[in-house]
Amino acid sequence: MAVFEDLEYKQTGQTGPEKLSPLARFIVNVSKIQKNPKALKVRYFERLLNFIRVLCLHIIRKNDFIENIEKKSLSKEKVIGYRIVESFVDLLFHFNILASNNEELALNKKYIRILKLENELIDKLFEQGGLTKNFQVNGLVKDFLFVKDLIKKYRDKDYEFQHINRNKDTWNNMIKDGSLDYEVRLAETLHELSQLDIPNKIESPFDEDYYTESGRNAFKNFTQYKFIDVFAETVQNQYNANVLDIGCGYGNYIDVLSNNYPMFQIDGIESQQNVFEETSSKFKTDKNVEIIHGDFFNYRFRKKYDVVLLNYVLFYFNAYEKSELISRVKEILTENGAIIVCQYFSGIEGLKKELANKQKELSPFKEIEMYYSNKILYANALWNDTADSFSESVKWEEFLEIISKNNLKINRITNADKFYYSLFIELKAS
């Protein structure tokens, strides 16, 4: 992990949409003529960005956003404070759909043309029955249909691709072996943004189990490889410790800790009854693990903890509740205890780049991975702000204010996955 104070990052917002360097763009273009799974995954992310652009255009039409933009009624000053609108504007800006000129927002001419000439085509994509053969599709729509094909295949192994013509077997195998598991589930989730009726929340079709399962997939494919190193740095030279995992889900993090630190007492608290039952059963023979069923805010803990884990839980709370959560966690920490937060944030591209450089990982290939993850994060942040399963996205500046208010500071920080999509953040008393 990097010592946070050693980083010089100051700017919390981006001055403009992130762009790939010429060398990184060249590598992406070369991948388009290769057939190996690694190159195909790059092409998947290229298509996923266009998938999100089509979603954005549909939301613009559905909410008459183009009319508001043309009337210049969406200046930056006017959207601040309207969280869903603000997150949507951020998404449009960083996907080059909106451009800023003298603090006013204007629709990119390319997308004005698409919206005015191909509005019926865009609408049909989200209607029952979809497109007919009468429609000729552009590159954006082709990519949208490509990703939709993968979503359908992910859900139905017998589904025959309708819009994927090349490398069918390889794409099929990537679905089968799980190497596209998290990426396709992410696209499936973001597709629900098409229901957005600003400023109302979306009624999510996914239950809590869906997100818990997504978390399990993300941990299996990405986070687990970094977590044990992060934890080891936090508890170095400790021979026994009490650890608490808040919102422990299926016990992914607990499983790793129990295997590597059998001398530690590891507790997890989970509010979902069915998830609690499965996780409790999973660890029933582990004498050093206790799974608690309850609400963290109302549960009366009988001891203090040396380490408390907050893994992807902050977006379930509003700003006040986040502060109360951190305050309550601090109450049950030992004097030198630490909080390990695993969370993603949009709009901190500069911080991530400096962190990657500090950790000697910055390269054109790493730049490509980070570029896609940074773009997608703006869509994920909008989903956290709009879906009724969540309260609101976790914004970096708000997070810093909350920990400062609770007399905590960021001690160390590192990436939680190879894409720098999420971060592990170690908090200590200031």
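The values are calculated or read from the model by the stated rules, or taken from the named source; none is laboratory data. Computed from a predicted structure; not experimentally measured. Heads up, the Cβs are rebuilt from the backbone with ideal geometry, glycines too, and the neighbour counts pull from every protein chain shown.
For the condition free of Cβ contacts under 8 Å to residues at least 40 places away in the same chain, out of contact with any helix residue (DSSP H, G or I) (no Cβ under 7 Å at 6 or more places or on another chain), of a type outside the set (A, V, I, L, M) and on the phi < 0 side of the Ramachandran plot, what is the one hit in 236, 224?
Answer to the check: 236.
Of the residues screened, residue 299 is one that is assigned by TED's automatic domain parsing to the domain that holds residue 238 and closer than 25 Å to residue 238 by Cβ. For the range 370-388, the criterion of being within 21 Å of the chain's Cα centre (by Cα), more than 24 Å from residue 44 (Cβ to Cβ) and not polar (S, T, N, Q) is satisfied by at least one residue. The residues of the range 260-280 that are outside any loop (DSSP other than H, G, I, E, B), more than 20 Å from residue 207 (Cβ to Cβ) and more than 27 Å from the chain's Cα centre (by Cα), listed by number, are 260, 265.
Within the range 314-359, the set of residues being closer than 15 Å to residue 392 by Cβ and either assigned to a helix (DSSP H, G or I) or of a type in the set (Val, Ile, Thr) (or both) comprises 314, 315, 316, 319, 320, 321, 322, 323, 324, 325.
Which of the residues that make up the range 306-333 are in contact (Cβ under 8 Å) with a residue 40 or more places away in the chain and surrounded by fewer than 20 Cβ atoms within 10 Å (Cβ to Cβ)? 316, 317, 318, 319, 321, 323, 327, 330, 332, listed by residue number. Only a single criterion out of (1) closer than 17 Å to residue 43 by Cα; (2) surrounded by 14 or more Cβ atoms within 10 Å (Cβ to Cβ); (3) modelled with pLDDT of 90 or more; (4) out of contact with any Asp or Glu (no Cβ under 8 Å at 6 or more places or on another chain) is not satisfied by residue 143, namely (4). Annotation: residue 365 fulfils all but one of (1) over 15 Å from the mean Cα position of the chain (by Cα); (2) closer than 15 Å to residue 315 by Cβ; (3) aromatic (Phe, Trp, Tyr); the unmet one is (2). Of 225, 211, all but one fail to be in a helix (DSSP H, G or I), at pLDDT below 95 and surrounded by fewer than 17 Cβ atoms within 10 Å (Cβ to Cβ); the exception is 225.
Considered as a group, the residues in the range 334-347 that are under 24 Å from residue 218 (Cβ atoms) and modelled with pLDDT under 95 include one that is surrounded by the most Cβ atoms within 10 Å (Cβ to Cβ), and that residue is 346.
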